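Asks: Dumping the structure here so I can ask a few things about it.
The values are calculated or read from the model by the stated rules, or taken from the named source; none is laboratory data. These numbers were taken from a predicted model, which means no experiment stands behind them. Every residue, glycine among them, receives a Cβ derived from its backbone with ideal geometry; neighbour counts consider all protein chains shown. What goes into the accessible areas is simple: the full protein's heavy atoms, side chains included, and nothing from ligands, DNA or RNA. Shrake-Rupley method; radii C 1.70, N 1.55, O 1.52, S 1.80 Å.
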Amino acid sequence: MMSPAHVADLAPEAGIASARILIVDDLESSRRLIGTVLESAGFTNLDFAADGEAALARMACKPDMVVLDIVMPGPDGFKVCERIRSEFSPDVPVLMQTGMQEDDYRLRAFRAGASDIVSKPIDAGELVSRVRLHLERRRLMSSLQIYRQRMEEDLRVAQAMQHSLLMSAEQVDAIAGPRGARLSTFYQASNTLGGDLWQVFAVDETRFGIFMVDLSGHGVSAAINAFRVHMLVTGMTALADRPGVWMQALNRALVDMLPVEQFATGFYGLVDRAAGTLTYASAATPPPLHFRADGSWSALDGSGVLLGCNAAADYPVRTCPLGAGDRVFIYSDALYENFRDPEASLETPDLAAHVQAALQSRDDFQAALLSRVFGPDQAHPHDDLTWVMLEAGE
Amino acid sequence: MEFKTHEDADRLTLSFSGMLTFDDHETFRSVVTSIVDSPAPTTVLDLSGLTMIDSAGIGMLLLANDRASKQGKQLRLRGVTGHVAKVVELSRLEQLIPID
């Protein structure tokens, strides 16, 4: 057995020296021995109990660790350990002293919820090492837990901020309604934060613009870029009646802003009901779907150089006729790409059929489309999912 | 994603298989290292074994292209089919990286 002087070499770090350690043993000599060993090792906050009932009563003081004997009058160590786990703490380290070397006892100790066992007679060095190991592990776990809680809280705040970037249905109606159109939108991040963004701008008395962007990647970096894009486009309203120029300006700004491996895809369309057109510029947007009032549909050309990669890229303006009752559906790739099961990825005609069926459904369009594409259990999409449905009024 | 390397006198060919996605950042680092360390002036990325690519995967191709061109090397893509071809077409990737 190590002398107390040797044990002192294993002095705990300041952070765990004051940890409260409850020592449970019916023999006073054993309690005193364990107490002396731990004190010599620098532990300063020791508590004692002489039997199982007393130990359970002391649990109210929330010890950081329990050193527990097995054979005691009243509830034995196994019973006490089980009750500590069920009534007090699932994770406080419980170190059980096993005098008997039978495997059965060791197994029963772990089954009862012991974190570790230490053999009797007590070896001072082993006892101190095990106590220190478990307390340090516990301290690490709790600091990780605190860190995690703080991160989750930060992410929740950031998520609320991100949702506040998106316009409310009333704000959208106030722009689209007087200009002869209706819009419905959907946004869902794949994790807490996402890199998708949509916006609607009034251009003049009769026209308005629709913007949708998908920043590459997802999570925090994509969300930060979405915030930056939001700021950028808010300053670009003077270009809002020229989709090609608008997209070029956004592209040039993103070339300066994004590192080489990041980019965005985007759509900007100008809705002009008087002219009966949607004129748009597009950068690698999945083909927008044009559903005509007569029930026919076609896929628009959404191709275009990725935003943020080449300052000289050109974005041609394309025109889609927009008659009364026509709809245009703009969406991010998460709606048809299936990375879990590539074979299940949707081709454009399949997606168009789903959208048409969802439009005819008695249910809410959003719920109907999600259920048709992702199944009734609504498996979470691989990436951020956004769509905008434009409907030209009569 | 997995890749195989084939090198002859003036050309390094890297053949990919599987999916190229967000999860492949680590693997792709060795792709970039192979390109940078190779004496060959031309690198060909053969994508014919790739079944799908996501936006992070496209980002990796752009990064490889950037690193190669900074060293005066040329990067080319080959064997673009299926889902990868759709993404490449939609994003007009040929305007950023030459495609055979």
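Asks: Please state which one of A:R106, A:R83, A:R137 is among the charged types (D, E, K, R), assigned by TED's automatic domain parsing to the domain that holds A:I34 and either at pLDDT below 90 or in contact with a strand residue (DSSP E or B) (Cβ under 9 Å, 6 or more places away or on another chain) (or both).
Replies: Just a single option satisfies the conditions, and that option is A:R106.
Asks: In addition: Report whether or not A:I210 is open to solvent by less than 10 Å² (accessible area, probe 1.4 Å) and at pLDDT 95 or above.
Replies: Against the criterion (open to solvent by less than 10 Å² (accessible area, probe 1.4 Å) and at pLDDT 95 or above), A:I210 qualifies.
Asks: While we're looking at this one, here's another question. Take segment B:24-63 and flag every residue that is among the polar types (S, T, N, Q) and either within 14 Å of chain A (Cβ to nearest Cβ) or surrounded by fewer than 21 Cβ atoms within 10 Å (Cβ to Cβ) (or both).
Replies: The answer is B:T27, B:S30, B:T33, B:S34, B:S38, B:T42, B:S48, B:T51, B:S55.
Results for (1) surrounded by 19 or more Cβ atoms within 10 Å (Cβ to Cβ); (2) over 30 Å from B:D66 (Cα atoms); (3) within 13 Å of chain B (Cβ to nearest Cβ), shown as yes or no for each residue.
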site	(1), (2), (3)
A:F291	yes, yes, no
A:S296	no, yes, no
A:L306	yes, no, yes
A:P316	no, no, yes
A:L322	yes, yes, no
A:D326	yes, yes, no
A:S332	yes, no, yes
A:L335	yes, yes, no
A:A352	yes, yes, no
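Asks: Can you go through A:P286, A:P243, A:P259 and tell me which one is of a type outside the set (A, V, I, L, M), surrounded by fewer than 24 Cβ atoms within 10 Å (Cβ to Cβ) and in the same structural domain as A:V172 (by TED's automatic domain parsing)?
Replies: A:P259
Asks: So how many residues does segment A:227-260 have that are closer than 19 Å to A:A281 by Cα and either outside any loop (DSSP other than H, G, I, E, B) or among the aromatic types (F, W, Y) (or both)?
Replies: Matching residues across segment A:227-260 total 21.
Asks: Between a first residue in segment B:76-100 that is facing chain A (nearest Cβ under 7 Å) and a second residue that is β-branched (V, I, T) and assigned to a helix (DSSP H, G or I), which pairs have beta carbons less than 9 Å apart while being 6 or more apart in sequence or on different chains?
Replies: B:S91/B:I58
Asks: Same structure, new question: Which pairs do you get when a residue that is within 14 Å of chain B (Cβ to nearest Cβ) and in contact (Cβ under 8 Å) with a residue 40 or more places away in the chain, found in segment A:275-288, comes within reach of a residue that is of a type in the set (S, T, N, Q) and crowded, with 21+ Cβ neighbours inside 10 Å, reach meaning Cβ atoms under 9 angstrom, with the pair 6+ apart or on two chains?
Replies: Here the result reads A:T285/A:T265; A:T285/A:S332; A:P286/A:T265; A:P286/A:S332; A:P288/A:S282, each pair linking segment A:275-288 to a residue that is of a type in the set (S, T, N, Q) and crowded, with 21+ Cβ neighbours inside 10 Å.
Asks: Then there's this: Just checking, how many residues over segment A:31-42 are surrounded by 19 or more Cβ atoms within 10 Å (Cβ to Cβ), small (G, A, S) and assigned to a helix (DSSP H, G or I)?
Replies: Total meeting the criteria: 1.
Asks: Give me the pairs, please: first residue somewhere in segment A:212-225 and on the phi < 0 side of the Ramachandran plot and facing chain B (nearest Cβ under 9 Å), second residue anywhere and among the aromatic types (F, W, Y) and surrounded by 24 or more Cβ atoms within 10 Å (Cβ to Cβ), beta-carbon distance under 7 Å, and either six or more positions apart or on two chains.
Replies: A:S216/A:F263
Asks: Can you give me the number of residues within segment A:66-89 that are surrounded by 23 or more Cβ atoms within 10 Å (Cβ to Cβ) and within 36 Å of the chain's Cα centre (by Cα)?
Replies: 3
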